[in-house]
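The values are calculated or read from the model by the stated rules, or taken from the named source; none is laboratory data. This is a predicted model, so every value here is computed, not measured. All Cβ positions, glycine included, derive from the backbone under ideal geometry; neighbour counts span all protein chains shown.
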């Protein structure tokens with residue numbers, strides 16, 4: 001018996017070798033051999049970010065980007081933090097920044 005390459009046309013119609021040559025595996029079936037796990041984590045984070053961005057917009061806030069919106073929604077103490085994307089880490093200072101920004105938007109004079 002001699003083995004012939006399957007592209008020679010000498011195979012039977014139900015040749016297992018020809019059928020097996022058409023098998024392929026998705027990268028997600030081999031998470032340790034691809035970045036499918038990282039891609040799935042990225043996709044899940046993006047879904048969380050977009051949902052948080054929509055909630056913030058519904059509340060009348062304007063985040064700079066959808067990227068990181070879930071973290072921003074969870075940690076921000078003030079409108080200023082949401083709109084600038086910068087975290088102060090002190091709730092009283094954040095509220096003061098909101099008051100100052102509101103006064104500036106109204107055209108009032110702010111003395112610090």
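Candidates in region 9-65 are the residues that are more than 30 Å from residue 76 (Cα to Cα), touching a helix residue (DSSP H, G or I) at 6+ places or on another chain (Cβ under 7 Å) and part of a loop (DSSP other than H, G, I, E, B); of these, the one that is modelled with the lowest pLDDT is 34. Scanning region 52-89 for residues that are surrounded by 14 or more Cβ atoms within 10 Å (Cβ to Cβ) and within 14 Å of the chain's Cα centre (by Cα) returns 52, 53, 66, 67, 68, 69, 70, 71, 72.
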